[in-house]
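The values are calculated or read from the model by the stated rules, or taken from the named source; none is laboratory data. Given the structure is predicted, the values throughout are model-derived calculations rather than measurements. Note that each Cβ is placed from the backbone with ideal geometry, even for glycine, and that neighbours are counted across all protein chains shown. With ligands, DNA and RNA removed, areas are computed over all heavy atoms of the protein, side chains included. Shrake-Rupley method; radii C 1.70, N 1.55, O 1.52, S 1.80 Å.
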Amino acid sequence: MMIIKTNEQVELMRQSALLVSKTLSEIAKDLKAGITTLSIDKKIGEFVRDHHAVPSFLDYRGYPFNACISVNDVVVHGFPNKNELQEGDIVTIDIGVILNGWHGDHAYTFAIGEPAEDVKQLIRVTKESLYKGIEKAIAGNYTGDIAFAIQEHTEKKHGYGVVRELVGHGLGRNLHEDPQVPNYGKRGSGKKLKEGLVLAIEPMINLGKREVYTEEDGWTVRTKDGKPSVHFEHDVCVRKVKADILSDYSIIEKEEKNNPNLFAASKAVVSYP
Ligand code: MF3
Ligand code: CO
């Protein structure tokens with residue numbers, strides 16, 4: 001059942017989404033080679049609680065950390081650990097919060113130092129594909145229109161692998177609500193979008209093949225071919241003319257550009273093939 005939000009509820013959800021954006025921008029300040037993902041997770045938990053919210057992933061179906069921190073070939077649901085980030089690593093930080101009873105859930109992929117050229121392009125194209133999907137999050141369109149736009153830009157245009165096993169979703173009082181929002185599919189397929197529906201749209205795109213597997217810990221999802229994967233996620237509200245993006249990348253990108261230890265995709269000069 002799809003749950004439509006009132007304008008007041010959407011404003012509360014904007015606060016939840018923005019708290020995730022603020023947490024990600026805070027983390028972007030001190031990302032560098034040598035820090036552990038466990039230290040990042042600890043800081044995320046503290047920052048969220050300091051802002052009168054709770055980290056929603058912790059204990060969700062038994063998930064044992066505040067956030068999902070996925071390095072290189074880890075697609076999603078990576079466990080924070082004591083390994084130090086290395087120059088050239090890419091790291092996806094996915095954070096969920098509950099603030100005033102409403103969920104925020106979004107993610108950003110950072111690059112430590114200088115990643116390889118093909119990885120820089122993967123980052124840029126995946127972020128572009130998220131916005132191409134968001135452009136379709138309009139009342140009267142279908143989830144398949146979002147899916148098709150993301151798949152076209154990543155798989156068809158660049159030959160990347162689009163993960164099939166994991167999808168975006170509705171968001172509200174629950175972390176996962178209807179509808180599912182795949183990153184692949186046919187135009188006009190799936191569920192019809194209504195004004196006031198809030199969606200987490202989240203392309204997970206592999207540099208190589210689309211196949212993934214889950215580790216024995218029951219969570220960590222990796223690419224089968226060991227090549228890197230990128231994940232960007234925004235929370236958006238479906239509207240009549242243009243979707244309203246509730247989360248905010250601009251504050252994250254500002255810190256990303258200010259941090260000399262990070263590669264910022266928006267600074268990249270990448271040539272199309
Ligand atoms: N962004 C992911 C999702 O929407 C994160 C959930 S993972 C878990 O499904 F840790 F919460 F389980
Ligand atoms: Co999500």
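Scanning region 214-229 for residues that are under 20 Å from PRO80 (Cβ atoms) and more than 16 Å from ligand 2 (Cβ to nearest atom) returns THR214, GLU215, GLU216, ASP217, GLY218, THR220, ARG222, THR223, PRO228. For beta carbons closer than 8 Å, sequence separation of 6+ or different chains, a first residue in region 239-265 that is free of Cβ contacts under 8 Å to residues at least 40 places away in the same chain and a second that is surrounded by 14 or more Cβ atoms within 10 Å (Cβ to Cβ) and in a loop (DSSP other than H, G, I, E, B), the qualifying pairs are GLU253/ALA264; LYS257/ALA264.
Can you say whether HIS106 is within 15 Å of ligand 1 (Cβ to nearest atom) and open to solvent by 10 Å² or more (accessible area, probe 1.4 Å), as far as the supplied structure shows? Taking the combined requirement at face value, the residue does not satisfy it.
Among the residues of region 76-97, the ones that are assigned to a strand (DSSP E or B), open to solvent by less than 10 Å² (accessible area, probe 1.4 Å) and away from ligand 2 (no atom under 16 Å from the Cβ) come to 2 in all. Cβ-Cβ distances below 6 Å connect no pair with a first residue in region 55-75 that is closer than 25 Å to GLU211 by Cβ and open to solvent by 50 Å² or more (accessible area, probe 1.4 Å), a second residue that is more than 8 Å from ligand 1 (Cβ to nearest atom) and modelled with pLDDT under 95, and a separation of six or more residues or different chains.
Of these, ASP178, ASP225, ASP217, which one is over 19 Å from ARG124 (Cβ atoms) and in a strand (DSSP E or B)?
Numbers: ASP225 fails: in a strand (DSSP E or B); ASP217 fails: in a strand (DSSP E or B).
It is ASP178.
Would you pick out the residues in region 201-213 that are touching a residue at least 24 places away in the same chain (Cβ under 8 Å) and open to solvent by 10 Å² or more (accessible area, probe 1.4 Å)? Give the steps one after another, and end with the answer.
Kept after step one, since they are touching a residue at least 24 places away in the same chain (Cβ under 8 Å), are these residues of region 201-213: 201-212.
If the condition is that a residue be touching a residue at least 24 places away in the same chain (Cβ under 8 Å) and open to solvent by 10 Å² or more (accessible area, probe 1.4 Å), then GLU202, LEU207, GLY208, LYS209, ARG210, GLU211, VAL212 are the ones that fit.
Taking the numbered list (1) touching a Ser or Thr at 6+ places or on another chain (Cβ under 6 Å); (2) crowded, with 21+ Cβ neighbours inside 10 Å; (3) part of a loop (DSSP other than H, G, I, E, B); (4) not small (Gly, Ala, Ser) in turn, THR154 passes all entries but (3). Return the residues of region 181-202 that are away from ligand 1 (no atom under 16 Å from the Cβ) and outside any loop (DSSP other than H, G, I, E, B); say none if nothing qualifies. Hit for region 181-202 is LYS192, nothing else.
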